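These notes concern the structure reproduced below.
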Amino acid sequence: MTDILIRDAKRTDASAIAALGQVAFPLAYKGFIPDAVIATAVEQTYSVAAIERLIDQAGADDAHFLVAERDGVVVGYLHYDSVGPEPELHRIYVAPGQFGEGIGSLLLRELHERLVPGTSYILMVMAANDGAVRFYERHGFVRDREVDGVEHYRLHMGVTNPSDTPAVPALIMRFSSGEE
C-alpha cells in the first residue's frame, strides 16, 4: 500500500469527495435501507458546500477529515468529529473498484494515531451489513447498542426524512484507544 497517501483533506478535495460519496454511499447501503433514504442522505450530505464545511471544521484533536490518495486521485475518505453527544466516526468510504486493498484500514490507522490516548468513539453501521460489522470488529470495535439508523442520521448528521420513513436496524459500535 505504499502507493496510497493518507493526508488531511483540503477544500480543493471537496468536489472529489462529494463525487465519490455520491457513488460510494448508495453502493454501501443498497439493500440495507430504502432507496428514498439513500437519496435523501446523499442530497443532504454530499454537496460540495456540505463537504467544504466539514473540511473547514477539521484539523483539531477532536475533528479529522482524511483522504486516501493514489496517483493524485482521492480513492477514500474518513470524517470524524466530536460535535455530537460523543465523538463519532461519521463516514469512511472507499472508491468502488478499490475495496479489499487496505485503504479503509489505512484511514482508520491514521485516525487512531491522531487520537489522544484513551479516546473512545462510536460509529453507526447497518445491522444487516455483515461485511462492515466484521471489518470494524477486526479493527477493535465492539457492539455497543442497537438503534434506528434513520433516527441516528437525523440526530447526528442532520439528515431529515419524511416522518413515515420506516426504522432501519443499525448498530452503534465503539472503539476505545489504548492508554499510553
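Flag not set for residue 116, criterion: within 19 Å of residue 55 (Cβ to Cβ) and touching a residue at least 24 places away in the same chain (Cβ under 8 Å). Scanning region 77-107 for residues that are on the phi > 0 side of the Ramachandran plot and touching a residue at least 24 places away in the same chain (Cβ under 8 Å) yields a count of 1. For region 81-96, the set of residues classified as under 10 Å from the mean Cα position of the chain (by Cα) and among the charged types (D, E, K, R) consists of 88, 91, listed by residue number.
Would you point out the residue of region 19-76, among those that are in a loop (DSSP other than H, G, I, E, B) and among the hydrophobic types (A, V, I, L, M, F, W, C), that is surrounded by the most Cβ atoms within 10 Å (Cβ to Cβ)? So, considering only residues that are in a loop (DSSP other than H, G, I, E, B) and among the hydrophobic types (A, V, I, L, M, F, W, C), the one surrounded by the most Cβ atoms within 10 Å (Cβ to Cβ) is 32. Of all the criteria given as (1) touching a Phe, Trp or Tyr at 6+ places or on another chain (Cβ under 9 Å); (2) on the phi > 0 side of the Ramachandran plot, the one not satisfied by residue 51 is (2).
You will find that of 134, 174, 138, 145, the residue that is at pLDDT 90 or above, under 14 Å from the mean Cα position of the chain (by Cα) and not aromatic (Phe, Trp, Tyr) is 174 and no other. Can you work out which of the residues in region 77-113 that are among the acidic types (Asp, Glu) and assigned to a strand (DSSP E or B) is farthest from residue 15 (Cα to Cα)? Per the stated criteria, the residue is 88. Residues in region 121-156 that are small (Gly, Ala, Ser), in a helix (DSSP H, G or I) and under 19 Å from residue 100 (Cα atoms): 131, 132.
Give 27, 78, 5, 20 a once-over and let me know the one that is among the hydrophobic types (A, V, I, L, M, F, W, C), more than 18 Å from residue 155 (Cα to Cα) and more than 17 Å from the chain's Cα centre (by Cα).
5
The values are calculated or read from the model by the stated rules, or taken from the named source; none is laboratory data. This structure is a prediction, so every number in the text was calculated from the model and none was measured. Methodologically, a virtual Cβ is constructed for each residue, glycine included, from the backbone with ideal geometry; neighbour enumeration extends over all protein chains shown.
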